[in-house]
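Following: one structure in structure tokens, then a few remarks.
The values are calculated or read from the model by the stated rules, or taken from the named source; none is laboratory data. The shown structure was predicted, so the numbers you read here are calculated from the model rather than taken from an experiment. Here the Cβ is made from the backbone with ideal geometry for all residues, glycine too, and neighbour counts use every protein chain on show. Note: areas computed on protein heavy atoms with side chains; ligands, DNA, RNA excluded. Shrake-Rupley method; radii C 1.70, N 1.55, O 1.52, S 1.80 Å.
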Amino acid sequence: MTLHDHSASYTNRKISWKGTTLLLVFGIIFIASTLRMPLTVVGPIVSFIRDDLGISNVLAGFLTTIPLLAFATISPFAPVVARKLGLELTLFLSTILLALGIVLRSLGTTGLLVFGTVLIGVAISFGNVLIPGLLKLKFPYHVGLLMAFFTMSMNLTAGLGAGISYPIANSSLGWQGALAVALILVVLTILIWIPQLKLNKPEPTTTAKKTGKPLWKSPVTWAVTGAMGLQSLLFYTTAAWIPEIYIAQGLAPDKAGWMFSIMQFSQVPMALAVPIIAGKMTSQRPLVLMFTSFYLVGFVGVVMEWTTLGILWMILLGLAGGASFALAMMFFTLRTRTAFEAADLSGFAQSLGYLFAAIGPILFGYLHDLFGGWNIAGWLFVVVAMTLFLCSMRASKDEYVH
């Protein structure tokens, strides 16, 4: 993580909404727009991909799991690469890699589908890990506000992807066209980020020294890791299977896709509000109590097959997901003192957290095949939500990793 400051204008207590600062903010917003959409387009069109390529439910679940395994593998190395190449260049190259992954994934063969998905996961890992540290470095007095822009953009485009992928797959463009649609935002992001390359500098080795005890020895680290991993498990498992669950309950496939899209769009208010509110609170436990209650009511409604109120359950799960994700991202800056620590905590928590989250889509697909339905798998959502509550309550305590 580059610790030097490229421009004093970024660290003023008041943001100057013009020039280089405005370009950077737009760049961050556009990077955020590419970090979930390539993943959420998959869930509503799993049946198209599965039937066309003749793959199993377990392999279909892997399409969501592969990026998580990539996140787990790459996340610890993202700060190291950024120190060597420079933060701005690292993010630029990762966005180009993302474009390549989307193109390969959309070419219509099982091998390229899997390989392209791997590249997508690797590319997204860099944005996931490096942005929180970037915000702490560039906007130390406005992390909550900038994190709000970041998470809101991520959730808006995730919802858009979930909503449009089925209609596109059902058209002449097919599922390949639906997977390729995210390329539009990625190309725009590459163009908008180019001005940041002028500020790129590798990190001097003298500033890359670590101080304090290892991250893994801090209880705060494990609480933050648990919060990150469990909310990710809930997000990626619902992304993979909520449309299929609603189809099994009798909804038309296009409506089932939009149900997940409603859940995604419902994340936006919380994604915008929670970082700002959390940054002003000594303890974030009231936010944890709020999103846990939303999770429990929403998941029970889905499991009990009260489908007539399906939109309500999706709104509640969306509010919960937006709040829990935004808070997990804020923990990287709230529980650390420097941009360096924020990047390291982000890499550690996202590596182990996503490794755990990767279990979700496969396990739910396996339980469905084993029991011939979604009931058992559905109750697992409730168990995970309660475990997330415990980790988030601990992570909300006002203390630092070192």
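Odds and ends about this structure:
- The alpha carbon centroids of the stretch 224-256 and the stretch 33-52 are separated by 12 Å.
- Where the chain is the region considered: accessible area per residue in Å², 1.4 Å probe: 37
- All Cα pairs of the stretch 17-201, percent lying beyond 30 Å: 19
- In terms of Cα atoms, the Rg and Dmax of the stretch 274-374 work out to 16.8, 50 Å.
- Relative contact order for the stretch 17-201: 40 percent, from Cα pairs under 8 Å spaced at least 6 residues apart, divided by residue count.
- Accessible surface of the chain, 1.4 Å probe, proportion on carbon and sulfur as whole %: 71
- Here the convex hull built on the C-alpha positions of the stretch 215-401 has a volume of 100 cubic angstrom per residue.
- More than 15 angstrom apart: percent of Cα pairs within the stretch 331-373: 57
- For the stretch 99-258, the spread of Cα positions along each principal axis, largest first, Å: 56, 38, 33
- Relative contact order of the chain, defined on C-alpha pairs under 8 angstrom at six or more residues apart (%): 27
- Residues of the stretch 156-179 with amide N under 11 Å of the 7 Å Cα→Cβ point at Asp51: 170
- Value of D in µm² per second that Stokes-Einstein yields for the stretch 108-147, Kirkwood Rh from Cα pairs, at 37 °C (0.692 mPa s): 275
- Taking a span of 30 Å or more along the helix axis (Cα atoms) and a mean Kyte-Doolittle hydropathy of at least 0.0 as the rule, the DSSP H helices of the chain that qualify are 110-138, 143-169, 219-248, 253-279, 310-334, 375-395.
- Geometric descriptor of the chain, per residue, is 118 Å³ (volume of the convex hull of the Cα atoms).
- Accessible area per residue was computed with a 1.4 Å probe on protein heavy atoms; Met393 scores about 40 Å².
- Interchain or long-range residues, amide H under 5 Å from Ser218's placed H: none
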